[in-house]
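This report refers to the structure that appears directly beneath it.
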Amino acid sequence: MKVDIKYPEQDFYATISGVDVKSISDGDFLELRKVVESCGITVIKDQEVNDEEQIAFSERFGELEISIGTNHKKENNPYLKPQISRISNVNIANDKLIPVDDHKVVFDRGNNWWHTDSSFKEIPAKISILSAREIPEEGGGTEFVDARHALETWNSKPRKYSVEQVKNDITEHSIVYSRMKNTGDIFNDKFKKDMPYVRQRLIRTHPYTKRNAFYAGSHCIHIIGWELEEGRELINEINEWIVNSGEIARHKWSNGEIVLWDNRRVLHRGTGYDESKYRRIMHRTTVAGDKPSYEEEVILH
Ligand code: OGA
Ligand code: MN
């Protein structure tokens, strides 16, 4: 197994070669896991997998989330296992393009705003594992930024609040809020009721590296106990700094590639593509967290 780190100064974005995720040995898996936990993003090229194989590989990292997907309603989708989130403009039942104004395509377009997966769930995700099944001829990349580097360089500019001052602050996150802001009011009342605001830490200590990162992104609404505008201003400042403080890893997909990212450390976004013209099929599995982030402890060094 060979590991190449693209941004070594941030220990960020590893590319792995010489493994097959379908038959990876326990020893190689341990090594891979260390890379995934310490590099934020890990690319594994040339991995043709089907859903069962992706799930089996992903489960080696821990229990998987059940997708909130708008595409798992039993009545119209017997095709997908509940652990798979399908990010796609191709109808799985008839293999045809879905109209660009369809709920599913609009929902997936919401991924084009910087976010961290499942931060709108009480127990947010650890690792996301995305498999490129069919990539468009043009566009459709995914970008990643390092919220740990952002935290560690926060004090390189004059700031109203230091990391020390906000280290125990708790925010609220919601996908209803973020989609409303970015793609319009797309959810019905039942979905809104089922997806209440959830509390998250603004700063998290990574359990493996013990280093801290900001935890924000587009689902993050406000800071509990703060005057609304003041909290939002700080969240905006943090989100902007996450994107501007370090490298933006711009991933251009190849078919059959798997990318794993650590939602406790990175923000990501899709870059968009012409959904009326090109097909894009990506299948994601998501390793579930073990507890709400507000139950974690933040250790400042
Ligand atoms: C995701 C996601 C972006 C993309 O799968 O969680 O945000 O480029 N994907 O598909
Ligand atoms: Mn995502």
(message) From the mean inverse distance of alpha carbon pairs (Kirkwood) and the Cα radius of gyration, derive Rg over Rh for region 1-125.
(response) 1.00
(message) At 1.4 Å probe size, with the rest of the protein present, what percent of the exposed accessible area of the chain is carbon and sulfur atoms?
(response) 49 percent
(message) Two decimals, Cα atoms only, Kirkwood Rh: what is Rg/Rh over region 77-138?
(response) 0.96
(request) Would you calculate, for the chain, the mean residue ellipticity at 222 nm contributed by helices, counting each DSSP H stretch of 4 or more residues as -39,500 (n - 2.57) and dividing by all residues, to the nearest 500? (result) -6500 deg cm²/dmol
(message) What three numbers, in Å, describe the spread of the alpha carbons of the chain along their principal axes, ordered from the longest?
(response) 53, 48, 33
(request) With label points built 7 Å along Cα→Cβ from the Cα atoms of Ile170 and Lys193, find their separation and express it in nm. (result) 2.6 nm
(request) Might you report the magnitude of the Cβ-based charge dipole of the chain about its Cα centre, with Lys and Arg at +1 and Asp and Glu at -1, to the nearest 20 debye? (result) 240 debye
(message) If packing is taken as the average count of other Cβ atoms within 10 Å, what order do 92-98, 196-202, 45-51 fall into, highest mean first?
(response) 196-202, 45-51, 92-98
(message) Test of understanding: in a Gaussian network model of the chain with alpha carbons linked when under 10 Å, which of Asn263, Asn155, Asn212 would top the mean-square fluctuation ranking?
(response) Asn155
(message) Give me the three principal axis extents of region 120-270 from the C-alpha atoms, as integers in angstrom, largest value leading.
(response) 46, 41, 27
(message) Can you tell me which of Thr286, Thr171, Thr15 moves the most in a GNM of the chain? Springs connect C-alpha atoms under 10 Å apart.
(response) Thr15
(message) Could you report the chain's accessible area per residue, 1.4 Å probe, as an integer in Å²?
(response) 46 Å²
(request) Have a look at Leu151, Leu267, Leu228 and tell me which one the Gaussian network model of the chain (Cα, springs below 10 Å) gives the largest fluctuation. (result) Leu228
(request) Just report the Cα centroid separation between region 81-127 and region 179-200, whole Å. (result) 14 Å
(message) Suppose each label sits 7 Å from its Cα in the direction of the beta carbon; what would the Ile66-Asn50 distance come out to in nanometres?
(response) 2.4 nm
(request) Assuming 0.692 mPa s and 37 °C, estimate D for region 203-301 with Stokes-Einstein, Rh taken as the Kirkwood radius over Cα pairs, in µm²/s. (result) 200 µm²/s
(message) Which one, Thr153, Thr142, Val100, is farthest towards the positive end of the dipole of region 99-155 when Lys and Arg carry +1 and Asp and Glu -1 on their Cβ?
(response) Thr153
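The values are calculated or read from the model by the stated rules, or taken from the named source; none is laboratory data. Just so it is clear, the model here is predicted, and its values are computed rather than measured. Because the Cβ atoms are built from the backbone with ideal geometry, glycine has one as well, and the counts that use them run over all protein chains shown. Surface areas here come from the heavy atoms of the whole protein model, side chains and all, with no ligands, DNA or RNA. Shrake-Rupley method; radii C 1.70, N 1.55, O 1.52, S 1.80 Å.
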